[in-house]
Every structure is written in structure tokens, then in C-alpha cells.
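So the structure is just underneath, and the comments pick up after that.
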Amino acid sequence: MSGQTILTIVMLALLVIWLAQLALLWMVANNEGNDPVMVVSGAAIFFPVSFPVAQFLPNAVNRVGGFWESITNSIFGAGGAQADMPPISSTGPMQSTATAEARLLIDGTEFPLSLPRTRMGRYPNNEVVIDHPTVSAYHAEIIRRPDNRHEIVDRESRNGTRVNGALIRSQILKDGDLITLGGSTLHYLSSPAPAQPAYQSPADVDEMYRPGGQTSPVSHSSDPNNYPPE
């Protein structure tokens, strides 16, 4: 058997192993609620050890996958469910019609968690972009579980992910949890936002009459919050 034949057999065997690893990564990503396209595209370049690299160096795979995603979006435009959504950034509010109650509170601005997976990090193709030097490119993600609870997963970030001060790899979130990504903090909220009571000016209240023609007593105040609830 010639050396050329042996080399061909070895290359074919490596190719089969590589394709099997990519298929396995696709299934694992689906089971874990991750984006299989991004995982497979990020791992494919590490031929023929794609699966081990994805398991032990997920941040490297995410970086490569994010690079290919940004190239694809720049050529063809963003597709899928996220195409019609405005970009989310921790530096400004997002205008959204999402009705999901679960949301992140960052610097006084609320960002609804309306997607099955919300990635957070410094790179612009994250769903929530946090422009802070201590935040990794793909720092963490929040996954909506089948039971509609949310789970935060650290993506092998350099400075770690904390929930209520405790360093975590993954954790189910509860209403009011304080999340720390590097040096950036945000709150997870899952309870309905409190309704704002209707405010009536003192002049409007003065026009109201009780039955019998008696005016209602009114305590005037410059602070609308001092008014009794209706």
C-alpha cells in the first residue's frame, strides 16, 4: 500500500470523525437551548478536534461563531425572529412591544427577556450589549427553560458571573436577583411591573362633589404620590 493511499485513508477517517463531532455538537446545543448554528460554525474551524474544543474552550468557539454570524449578518442581514427587533444596549433604552413579564433592569432601563436565549457581553452581536472593560465578549446568557423559568449560564467569562454575590456556572433566577458580570450589575425581575396610579390635579379634584351637593375635602400637596389611592 502506497503512502498516498494511506494518507487518503487517514484523511477520510478524520473527515468522518470531524463530521460526527459536528453532528453531536448540534444535538448537544439543541438539548441545552443554545444556538446550534453558532456552536457548529464556531467549532468547525478546529478540525479535527471540534468537540473537545467546544467542551473545554467554549468562549473560543463563541468568538469564532460570533465572527461568522457578524459576517453573515453584514452580507445578508439579520434573519429569524430577531431581525425585526431593535438592538439592545445597556447604554440606552429599547423600544419593544414584548409582553413578557421577565426582564433585566440595567441602569434604570428595563430590557424584556422575550427570546428563548438572551446573550450578554461586550460584542455587538449579543442580545444585550454591555460596554464595560471587565465584561467578556460573550460573558453569559439567560435561557428560558421549558417550565418558563430563566436560567443564567456563565460562558467561561474571564471575570466570572455572580448571582447575589455568589460565583456561579449556572443558576435558576428568582425575582429580584442581583446579577454581576465582571464590574457591571443588573437586576432580574419576573413580577409584573407595578401599575402607575392615575393622577388628578388638585383643581380636578376640587370639581368633584359628594351626593347632596357637598364638596369632597381635599388635601392639596405638590407631591402626587401623597394622594390616597383611588
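Summary table
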{"quantity": "Rounded to whole Hz, the Karplus (6.51, -1.76, 1.60) HN-Hα couplings of the stretch 118-135, x for glycine and proline", "calculated": "10, 8, 10, x, 7, 6, x, 8, 6, 5, 10, 8, 10, 7, 9, x, 8, 9"}
{"quantity": "By accessible area with a 1.4 Å probe, ligands and nucleic acids excluded, highest first: order of 35, 131, 177, 147", "calculated": "131, 147, 35, 177"}
{"quantity": "Under-5 Å amide H pairs with residue 173, H placed in peptide plane, nonlocal only", "calculated": "150, 151, 152"}
{"quantity": "Along principal axes, Cα extents of the stretch 112-195, largest first, whole Å", "calculated": "35, 27, 27"}
{"quantity": "FRET efficiency for residue 145 and residue 16, using Cβ-Cβ distance with R0 set to 35 Å, rounded to 0.05", "calculated": "0.50"}
{"quantity": "Area of residue 11 that stays accessible when all protein chains are in place (1.4 Å probe, Å², to 10)", "calculated": "90"}
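The values are calculated or read from the model by the stated rules, or taken from the named source; none is laboratory data. In this text, all values refer to a predicted model and were calculated from it rather than measured experimentally. Cβ coordinates were reconstructed from backbone atoms using ideal geometry, including for glycine residues, and neighbour counts include every protein chain displayed. In case anyone asks, the SASA skips ligands and DNA or RNA and just uses the protein heavy atoms, side chains included. Shrake-Rupley method; radii C 1.70, N 1.55, O 1.52, S 1.80 Å.
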